[in-house]
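Taken together, the values in this text are just the output of simple stated rules run on the coordinates, not laboratory data. Just so it is clear, the model here is predicted, and its values are computed rather than measured. All Cβ positions, glycine included, derive from the backbone under ideal geometry; neighbour counts span all protein chains shown.
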Amino acid sequence: MARGFSKVVICGNLTRDPEMRATPSGAQVASFSVAVNRVYKDANGSQKEAVSFFNCSAWGKLGETIAQYAKKGNGILLSGRLDQRSWDDKTSGQKRSAVEIVVEDFNFIGGGDNSYSGDDSGSSKKSKSSAKSSKSEDAGVSEEVIPDDIPADDEGEVSLDEIPF
C-alpha cells in the first residue's frame, strides 16, 4: 500500500487574533484563520477576485510565538499538513467534521516589526533588515530574505506565480 502525503503552503492574512488554549494534558495550541486572496479571469475575460478562508492550529512553541506576535490583518506565510477531525455535535446529535491546517513552519510577512524567522535563538522579534529564513540558512543559502522583496500587486497581495520555488 502506498504511503500518504499531505503538505500545504499558503500565504495570506490573519482574519482574527490567534486564540491560545491548553489541552487537558497541558499542551498549548494556537487557533487562527487565514484568508487567501486569488485573482483570476472568468469566461468573459473579466478580472475577478475570490477569497478562501483556512482554519489553522499551531502547537507548542510555534503556537505560542504566533499568538504572541501575530494580530488580525498580519500577513503570514505558512506550511503544514492537512488534518481532519470528527466529532458528534451534542446540540444536534449529528456527526460533524472539519479540515484544518496544522502549522509546521511559518514566517510573518508584510514588513514592520512582525518579521519572525521561526528560530528560537534569542530575540523573537527581528527588523526587516535582519529577517532571514531559517530554512535558507540550513540549505547553505546566504541571501537575506526581506519581506518587502516578495512580489505583490497594487493592493499588496502576494503573487505566488512570481515567487521562485
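Restricting to Cα pairs below 8 Å that are 6+ residues apart, what does the relative contact order work out to for the range 1-108? Please round to a whole percent.
30 percent
Could you list Thr65, Thr15, Thr23, Thr91 so that the one with the fewest beta carbons within 10 Å of its beta carbon is first and the one with the most is last?
Fewest-to-most ranking of Thr65, Thr15, Thr23, Thr91: Thr91, Thr23, Thr15, Thr65.
Just want the ordering: Ser6, Ser92, Ser79, from fewest to most Cβ atoms lying within 10 Å of their own Cβ.
The order, fewest Cβ neighbours first, is Ser92, Ser6, Ser79.
Among Phe5, Phe106, rank each residue by its count of other Cβ atoms within 10 Å, from fewest to most, as a rough exposure measure.
Least to most surrounded, the residues fall as Phe5, Phe106.
Between Lys90 and Asn55, what's the calculated FRET efficiency when r is the beta-carbon distance and R0 is 30 Å? Round to 0.05.
0.90
Collect residues whose amide H, placed 1.01 Å from N in the peptide plane, falls under 5 Å from the amide H of Asp17; neighbours closer than 5 in sequence don't count.
Under 5 Å from the amide H of Asp17: Lys72.
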